[in-house]
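The values are calculated or read from the model by the stated rules, or taken from the named source; none is laboratory data. Everything numeric in this text was worked out from a predicted model, so none of it was measured. Every residue, glycine among them, receives a Cβ derived from its backbone with ideal geometry; neighbour counts consider all protein chains shown. Note: areas computed on protein heavy atoms with side chains; ligands, DNA, RNA excluded. Shrake-Rupley method; radii C 1.70, N 1.55, O 1.52, S 1.80 Å.
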Amino acid sequence: MVACDSSIAAKLINGGVAGLVGVTCVFPIDLAKTRLQNQHGKDMYKGMIDCLMKTAYAEGFLGMYRGAAVNLTLVTPEKAIKLAANDFFRQLLMEDGMQRNLKMEMLAGCGAGMCQVVVTCPMEMLKIQLQDAGRLAAPHQSSTSAPSSSRSYTTGSASTHKRPSATLIAWELFRTQGLAGLYKGLGATLLRDIPFSIIYFPMFANLNNLGVHELTGKASFAHSFMSGCIAGSLAAVAVTPLDVLKTRIQTLKKGLGEDVYSGIMDCARKLWIQEGPSAFMKGAGCRALVIAPLFGIAQGVYFIGIGEHILKYFE
C-alpha cells in the first residue's frame with residue numbers, strides 16, 4: 001500500500017514539475033493563440049509573430065504573460081491528474097499496463113481527458129479573460145473620449161479599461177452565476193480534451209515504445225521528449241476546430257460587433273457563416289508550437305522520474 005501511495009505521489013510530482021516548466025516556456029505563444037482565435041478577420045493581428053510584437057510593444061514583455069499566474073497555479077494539479085489518470089486507466093484496462101492494445105489505450109486516454117476537465121475548465125475560463133483583455137483594450141488606447149464603465153466583468157461589453165485580475169473575475173462569476181459560472185464551456189472543453197487525449201496518449205505510448213532500451217526498460221529523455229512533441233503537435237492540430245469553439249464560448253468580454261454564443265452548435269454555425277471554414281483552424285500553428293514542447297517536457301520529466309528522485313531524497 002505504501003509503495004502504491006509513493007507511486008501516485010511520484011506521478012503527481014512529475015506532472016506538476018512538467019507543467020510548471022512547460023507553461024513558463026510557451027505561455028506567450030498560447031496568449032497569441034487565444035487572441036488570434038478571438039479576433040474576427042485579420043484586422044488587428046496578421047499572425048502569431050505580429051500578435052506577439054504588437055503585444056510586447058503595447059503591453060511590455062510581461063504583457064505576453066497575462067494570465068500566466070492562473071496557469072502556473074492550476075497547471076500542477078491539471079497535468080498531474082491527466083498523466084496519473086492515464087496511467088491508472090492503462091493499468092486497470094491493460095493488466096500490467098504495458099501490453100499494446102490500441103482500443104484500451106484510447107479508452108484510457110478518454111478517461112484521462114474526462115478527469116482533467118475538473119481543473120482545466122475553470123483554469124482556461126480565467127486564463128482566456130486575462131489573455132484577451134489586451135486585445136479588447138487596444139482599439140480604445142488611442143481614444144481618450146471613451147466613456148468609462150462600472151459594470152461587472154461578467155457583462156458582455158469590452159468598455160471597461162481597468163486591468164482585470166483572476167481573483168476578481170472568479171469572484172464575479174461565482175457571485176453572479178455560482179459554481180456553474182466557472183464551468184462555462186464545460187461541454188466544449190470535454191469535446192476538445194477527450195478527443196485530444198484519445199489521440200495523444202496511444203500515439204505517444206507507441207512512439208515512445210520504439211525507443212525503449214532492453215537493458216533499462218525505458219526510453220531515453222530525448223526519445224520521450226520527441227515522442228511527446230510529435231504526438232502532442234498532431235493531436236493539437238487535429239482538435240483545433242474544437243479549441244476555437246471553446247475559446248469563443250468561454251470569452252466573456254466581446255469587442256464591438258463580436259457575437260455572443262448560446263452554445264456549441266450556435267457558435268459553430270455563426271463561425272461558418274460569418275468567417276468561413278478556415279476560421280475553425282485559427283491558431284492551429286500556435287497550438288502545435290504550444291502543445292509540442294509542453295507535452296514533450298511533460299513526458300521527458302515523467303520518464304526521467306524526477307518525482308521518484310525527490311521522494312527518495314526525503315525518505
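Values as computed for the structure displayed
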quantity	calculated
Residues that are in contact with a Leu (Cβ under 8 Å, 6 or more places away or on another chain), in contact (Cβ under 8 Å) with a residue 12 or more places away in the chain and either acidic (Asp, Glu) or in a helix (DSSP H, G or I) (or both), drawn from segment 168-197	Ile169, Ala170, Leu173, Gly181, Leu182, Ala188, Leu191, Arg192, Pro195
Odd one out for Glu214 among (1) in a loop (DSSP other than H, G, I, E, B); (2) open to solvent by less than 40 Å² (accessible area, probe 1.4 Å)	(2)
Failed criterion for Tyr261 (all others in (1) surrounded by fewer than 24 Cβ atoms within 10 Å (Cβ to Cβ); (2) modelled with pLDDT of 90 or more; (3) part of a helix (DSSP H, G or I); (4) of a type outside the set (Asp, Glu) hold)	(3)
Criterion violated by Leu207 - all others in (1) closer than 18 Å to Lys82 by Cα; (2) open to solvent by less than 60 Å² (accessible area, probe 1.4 Å); (3) not charged (D, E, K, R) satisfied	(1)
Members of segment 25-73 that are closer than 21 Å to Asp243 by Cβ, assigned to a helix (DSSP H, G or I) and not hydrophobic (A, V, I, L, M, F, W, C)	Pro28, Asp30, Lys33, Thr34, Arg35, Gln37, Asn38, Asp50, Thr55, Tyr65, Asn71
Flag if Asp266 is over 20 Å from Gly111 (Cβ atoms), part of a helix (DSSP H, G or I), at pLDDT 90 or above and of a type in the set (D, E, K, R)	yes
Of the criteria (1) under 14 Å from the mean Cα position of the chain (by Cα); (2) open to solvent by 40 Å² or more (accessible area, probe 1.4 Å), which one Leu234 fails	(1)
Failed item in (1) under 23 Å from Gln37 (Cβ atoms); (2) small (Gly, Ala, Ser); (3) touching a helix residue (DSSP H, G or I) at 6+ places or on another chain (Cβ under 8 Å), with Gly307 passing the rest	(1)
Lone qualifier among Leu252, Leu234 - being within 30 Å of Gly15 (Cβ to Cβ) and part of a loop (DSSP other than H, G, I, E, B)	Leu252
